[in-house]
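First the structure, in the form of structure tokens, and then the observations on it.
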Amino acid sequence: MKKSNWIVYVLLVLVSAFLLWLWYYLGFNKVDSPFDLVLSIVWWVGVAALVWFTFRSERRRQAQIRTIYVSPDALFNSERGLVSCPDPEQRVTLMADILDNLKYDFHKEDMPEEKDFDFRYVVRTEDFKEKDSEDGSEATTSDAAQAAGAEATTQTQTETVSADATEVVPPIPVTATADDEDEDKDKWKGSVVRIDWDAEGHQTNEENDFDGKEQLGQLVLA
């Protein structure tokens, strides 16, 4: 939640406290009328509507910040600015890096002029999340299983040699469950607008949804 949203909520609480004090100060609470109950209901419905509107507006603002324009040799994002990308195969990787490092502040770079930036795609991201790990790396379950298996094998062999035994018990393999894979899976959903022109020079746009890096890569290389 941005600082501006918290300011709105604090002001709302202060105004609510002032109106409540004013209500008692003017003696309206002593009037035998259902008007105070109706006013209270209307007020809190208004508060809930304002919170919902603020939350929705913030989500729309963040979605706009995530928008990336793609030209043949560069990318543009309103927060990051212009990023050189001469290799089309690296577009998805650079876009993921841009989205993963967004601060969602109110700093905005100027859009390049059309003569300097001929964008061909507009990538709109609805949901984005990279896999996280405590040390910054992305360790997989299979790597952990191999490490555990190697440790178990070493320990078993040591015990076998010390006991002069002839049989070595193999380690129990560790397998990843579907739930673990779903939790670690990257999330990247949105749409790609392809900018094109017809024979008469009129601009035509084609929009396609994507779910994942693979689909996005296919759309921005089409």
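The values are calculated or read from the model by the stated rules, or taken from the named source; none is laboratory data. Please read all numbers here as calculations on a predicted model, not as lab measurements. Counting neighbours? That spans all protein chains shown, and the Cβs are built from the backbone with ideal geometry, glycine included. Ligands, DNA and RNA are stripped out before the accessible areas are found, and what is left, the full protein with its side chains, is counted by its heavy atoms. Shrake-Rupley method; radii C 1.70, N 1.55, O 1.52, S 1.80 Å.
If only one of 16, 57 is out of contact with any Lys or Arg (no Cβ under 9 Å at 6 or more places or on another chain), of a type in the set (S, T, N, Q) and modelled with pLDDT of 85 or more, which one is it? Working first, answer last.
Working: 16 fails: modelled with pLDDT of 85 or more.
Within the list 16, 57, the selection yields 57.
Could you tell me which residue of the stretch 207-222 is nearest to residue 70 (Cα to Cα), considering only residues that are loosely packed, with under 12 Cβ neighbours inside 10 Å and of a type in the set (D, E, K, R)?
Step by step, filter the stretch 207-222, then rank; the result is 207.
Taking into account only those residues within the stretch 63-73 that are touching a helix residue (DSSP H, G or I) at 6+ places or on another chain (Cβ under 9 Å) and open to solvent by less than 20 Å² (accessible area, probe 1.4 Å), which is nearest to residue 103 (Cα to Cα)?
Filtering the stretch 63-73 for residues that are touching a helix residue (DSSP H, G or I) at 6+ places or on another chain (Cβ under 9 Å) and open to solvent by less than 20 Å² (accessible area, probe 1.4 Å), the one nearest to residue 103 (Cα to Cα) comes out as 68.
Has the stretch 182-192 got any residue that is surrounded by 12 or more Cβ atoms within 10 Å (Cβ to Cβ) and at pLDDT below 75?
Kept after step one, since they are surrounded by 12 or more Cβ atoms within 10 Å (Cβ to Cβ), are these residues of the stretch 182-192: 184, 186-192.
Now drop any that are not at pLDDT below 75, which leaves 184.
Yes, some residue in the stretch 182-192 is surrounded by 12 or more Cβ atoms within 10 Å (Cβ to Cβ) and at pLDDT below 75.
Considering only the stretch 101-136, how many residues are touching a Ser or Thr at 6+ places or on another chain (Cβ under 9 Å), open to solvent by less than 90 Å² (accessible area, probe 1.4 Å) and in a loop (DSSP other than H, G, I, E, B)?
Number satisfying all stated conditions: 6.
Can you pull out the residues in the stretch 53-73 that are touching a residue at least 60 places away in the same chain (Cβ under 8 Å), more than 16 Å from residue 116 (Cα to Cα) and outside any helix (DSSP H, G or I)?
66 - this is the single residue of the stretch 53-73 that is touching a residue at least 60 places away in the same chain (Cβ under 8 Å), more than 16 Å from residue 116 (Cα to Cα) and outside any helix (DSSP H, G or I).
Does the stretch 74-100 hold any residues that are surrounded by fewer than 16 Cβ atoms within 10 Å (Cβ to Cβ) and within 22 Å of residue 191 (Cβ to Cβ), and which are they?
We begin by selecting, within the stretch 74-100, every residue surrounded by fewer than 16 Cβ atoms within 10 Å (Cβ to Cβ); these are 81, 83-84, 86-90, 93, 97, 100.
Across the stretch 74-100, the qualifying residues are 83, 88, 89, 90, 93, 97, 100.
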